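Only the coordinates and a few stated rules stand behind these numbers; no lab work does. Treat the numbers as computed from the prediction; the structure is a model and nothing was measured. No Cβ is skipped: glycine too gets one built from the backbone with ideal geometry, and neighbour counts run over all protein chains shown.
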Amino acid sequence: MALTLEDVKRVADLARIAIDEAEARAVLSQLNDVFKLIAEMQAVDTRGVAPMSHALDVVQRLREDAVTESDRHALFQSVAPQVESGLYLVPKVIE
């Protein structure tokens, strides 16, 4: 898919970006190069290639999913300016 100079100018206008003729031509060239690279990558036969979650063969160290801290909810709420039914009350800022 090749873009035209009009496409670049239209996108710049929609994005509210001021662009002159020389900049538009430079961006057009860069975008068309990106689209060529995408087309080359899509042309590669990837059948039989297993998808990877990471470029390196790494294993994440796992730990036991266990609570390691005590419940300090009451302590935190004891210093709050206003609390009601276990919830922090804040001033209304939007009418």
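Things to note:
- Length-normalised contact order for segment 1-86 - Cα pairs under 8 Å, 6+ apart - percent: 23 percent
- Of the GluC sites (Glu not before Pro) found in segment 1-79, the ones in coil according to DSSP and having at most 11 other Cβ atoms within 10 Å of their Cβ are Glu64, Glu69.
- Difference of contour (0.36 nm per residue) and Cα-Cα distance, Val34 to Ala15: 4.9 nm
- Per residue of the chain, the DSSP helices (runs of n ≥ 4 H) give a summed -39500 (n - 2.57) that works out to -13000 deg cm²/dmol at 222 nm.
- For the chain, the Kirkwood estimate of hydrodynamic radius, built from reciprocal distances between every pair of different alpha carbons, is 20.9 Å.
- Enclosed volume per residue, in Å³, of the convex hull spanned by Cα atoms of segment 1-55: 122 Å³
- Among the trypsin sites (Lys or Arg not before Pro) in the chain, those located in a DSSP loop and surrounded by at most 16 other Cβ atoms within 10 Å of their own Cβ are Arg16, Arg47, Arg61, Arg63, Arg72, Lys92.
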